2 protein chains.
Amino acid sequence: MSGIFYGVGVGPGDPELLTVKAVNVIKEADIIIAPRTEKIEKSTALKIASPYLKDSVEVVHLVFPMVFHEDVLTDAWEENKRIILDFLTQGKKVVFLTLGDPMLFSTYIYVFKLLKDSGYPIKTIPGIPAFCAIASHVGMPLAEGNQVLSIVPTTKDEKALEDVINKSDNLVLMKVYKNYVQVVEKLKESGHIANSVMVSRCGLDNEEIFTNLENVKKQQVNYLSTVLAKRSGEK
Amino acid sequence: MSGIFYGVGVGPGDPELLTVKAVNVIKEADIIIAPRTEKIEKSTALKIASPYLKDSVEVVHLVFPMVFHEDVLTDAWEENKRIILDFLTQGKKVVFLTLGDPMLFSTYIYVFKLLKDSGYPIKTIPGIPAFCAIASHVGMPLAEGNQVLSIVPTTKDEKALEDVINKSDNLVLMKVYKNYVQVVEKLKESGHIANSVMVSRCGLDNEEIFTNLENVKKQQVNYLSTVLAKRSGEK
């Protein structure tokens, strides 16, 4: 039996926001890979998926560096690749868990590039992006009619960030914890601040909803925070 | 017992891409509202959700006009509102099905606005957007690192459409069936055409994947078609 590799999106937090397909794949996994970065100790994705793990599953915690160069792999990436290929050679069903959707700003994208030419089948199962869950949760449509929705990591350089915020009627801002004060300043200048909301840890314990972004202190902004914003005048 | 209204995203096509929460809500529904527009006879959302309907559920087919003005409701919208409120007054669990995600370019957004001040509780359950399912299906990441993802209905006016295509490294283009030829022309000019893919009816019967958009005839482009595109040089 040949090994098979699955990248599975577990959504933003609520275990009920996994898809039926994701649950089925997780239930049948031999190996669960719970990724973490150097900075974050625990795997949130593993916690979300935990109601669905079978008793005999082997959970492997791997650190995935946030920097990836396909052509020149670092030792850490080489080692992760070797570990995963070992499991696949043994014919295992290997499931890599990923927060939100696997193909959107995820470490999984690098894992996918790492393995796509390995000869083993790879199946990716989409997940609910945090911004979709937040929009439903707070009752704020993302975009309608002929409007554009821009999904923006606020870690962009300042000029590019300002440009996209100014040009967009509907915004999803990700990674806002890194430069929260500047982001709020730009949303004020662009006319989005009155119609903006930030949700941290949507569907997880300690979820928080902030409707007045100007009153939020930088140190209150969790790593898992997303801002939805519309220019005033939009509904 | 008081009525409750649910807006439920059923994802793009595969019934296994509903969330666990969506399935649970659909299974307990008294009334399923299967929306359709004037032009489309059958409800695709109903077909996707059909494996989960309980035998005794009442399915109500309603036509929702694609134009909505919150302040001056047309007769059709008034009538739909009256029908839904009647069910809620009877204490029913009413589930409105919607393709993809309910808060993203959906008729549900109008239904939500129609009912949000009615006094009945409204719960919205997110769904997998078609573009997420397509990205996983064809193995094409949507955006990574500091990149912006622009989600664009190609029904925008021509200048605005050209502008957003030219400025965006990563694109999701929706409603492309309306002006497919112009869209392909703009993707050629902007340098996206070499890294573009169109998927029609993702996860449904007659799904089609087109990797060479220039070879596609306008009449081959289904209503449920989405284009993913990256500017050449992006990975």
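Just to be sure I understand, how many residues within the range B:138-153 are over 19 Å from A:Asn146 (Cα atoms), polar (S, T, N, Q) and facing chain A (nearest Cβ under 7 Å)?
Adding up the residues that qualify gives 1.
Among A:Lys92, A:Lys156, which is within 13 Å of another protein chain (Cβ to nearest Cβ), basic (Lys, Arg) and open to solvent by 40 Å² or more (accessible area, probe 1.4 Å)?
Answer to the selection: A:Lys156.
Any idea which of A:Ile109, A:Ile165, A:Ile128, A:Ile83 is assigned to a loop (DSSP other than H, G, I, E, B) and either of a type in the set (A, V, I, L, M, F, W, C) or in contact with a His (Cβ under 8 Å, 6 or more places away or on another chain) (or both)?
That would be A:Ile128, the only listed residue that is assigned to a loop (DSSP other than H, G, I, E, B) and either of a type in the set (A, V, I, L, M, F, W, C) or in contact with a His (Cβ under 8 Å, 6 or more places away or on another chain) (or both).
Cβ-Cβ under 6 Å, sequence separation 6+ or interchain: first residue in the range A:100-111 and closer than 15 Å to A:Met174 by Cα and more than 7 Å from chain B (Cβ to nearest Cβ), partner open to solvent by 10 Å² or more (accessible area, probe 1.4 Å) and in a helix (DSSP H, G or I). Which pairs?
The qualifying pairs are A:Gly100/A:Ala130.
Is it true that some residue in the range B:201-211 is in contact with a strand residue (DSSP E or B) (Cβ under 6 Å, 6 or more places away or on another chain) and either modelled with pLDDT under 95 or buried (at least 19 other Cβ atoms within 10 Å of the Cβ) (or both)?
No: zero hits.
I'd like the residue in the range B:112-137 that is within 9 Å of chain A (Cβ to nearest Cβ) and over 30 Å from B:Ile209 (Cβ atoms) and, out of all such residues, is surrounded by the fewest Cβ atoms within 10 Å (Cβ to Cβ).
B:Lys116
For the subset of the range A:33-53 comprising residues that are at pLDDT below 95 and assigned to a loop (DSSP other than H, G, I, E, B), which member is surrounded by the most Cβ atoms within 10 Å (Cβ to Cβ)?
Looking at residues that are at pLDDT below 95 and assigned to a loop (DSSP other than H, G, I, E, B), I get A:Ser43.
Among the residues of the range B:1-32, write down those that are open to solvent by 20 Å² or more (accessible area, probe 1.4 Å), in contact (Cβ under 8 Å) with a residue 40 or more places away in the chain and either more than 10 Å from chain A (Cβ to nearest Cβ) or among the small types (Gly, Ala, Ser) (or both).
Across the range B:1-32, the qualifying residues are B:Met1, B:Ser2, B:Ile4, B:Tyr6, B:Glu28, B:Asp30.
The values are calculated or read from the model by the stated rules, or taken from the named source; none is laboratory data. Bear in mind the structure is a predicted one, so any value in this text is a computation, not a measurement. Positions of Cβ are generated from backbone atoms using ideal geometry, with glycine treated the same way; all protein chains shown enter the neighbour counts. The area values use the complete protein model at the heavy-atom level, side chains included, leaving out ligands, DNA and RNA. Shrake-Rupley method; radii C 1.70, N 1.55, O 1.52, S 1.80 Å.
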